[in-house]
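For reference, the structure discussed in these notes is given below.
The values are calculated or read from the model by the stated rules, or taken from the named source; none is laboratory data. Computed from a predicted structure; not experimentally measured. Every residue, glycine among them, receives a Cβ derived from its backbone with ideal geometry; neighbour counts consider all protein chains shown.
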Amino acid sequence: MNAIKTNRYLLAIILSVTMSSITLAQGDKASRPSPPATASGKIGDANITITYNSPSVKGRTIWGELVPYGKVWRAGANEATIFETDKAIKVEGKALPAGKYTLFAMPGEKEWQIIFNSQTGQWGIKRGGDANLDRANDVLTVSAKPVKSSTMNEKLLYEVNPKGISLKWENLDIPISIKN
């Protein structure tokens, strides 16, 4: 009887360790195909931080195919992209109060819509594949013009610079003017 109890006890321990390892491995965001990334910097006296997940091109055509034109996109992968500013700023000439926002984009061949939404913390897409955007929470929408990138960017990249932010991926650069 003691051998049976010992074997059951050992089996329970082995199962617990195995399940814990699986759970921890799934929680390691850095090992995802689209790992987390952060871009931060100052624009004037405002501290800007963009927290996103960075997908790769992997030989795919991104704009107009993987990310369709005319459809709202989560501006990254996995969880929705977060844009934070500690000071009120002007984005493409329009006021955006200090705060934390989910950043969405609606790509177009010649012009993009950039959307700052007050709902944060959600997964980037709904079950059907549409962006997880509740338009009732839109705070600001601005237009931006894409330009051909000087280099091919395999991974999605956000940059914060003194003139604003840029979203760079595949063969495009989408500069967004920000002033403080």
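Per-residue answers, yes or no, for (1) modelled with pLDDT of 95 or more; (2) of a type in the set (S, T, N, Q):
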site	(1), (2)
ASP45	yes, no
THR51	yes, yes
TYR69	yes, no
ARG74	no, no
ALA80	no, no
Condition broken by ALA98, with the remaining ones in (1) surrounded by 13 or more Cβ atoms within 10 Å (Cβ to Cβ); (2) over 20 Å from SER149 (Cα atoms); (3) at pLDDT 95 or above satisfied
(1)
Just to be sure before I move on: is LEU140 surrounded by 15 or more Cβ atoms within 10 Å (Cβ to Cβ), closer than 20 Å to SER34 by Cα, touching a Phe, Trp or Tyr at 6+ places or on another chain (Cβ under 7 Å) and assigned by TED's automatic domain parsing to the domain that holds TYR52 in the structure I sent?
no
In contact (Cβ under 8 Å) with a residue 40 or more places away in the chain and over 18 Å from TRP63 (Cα atoms): does that describe LYS87?
yes
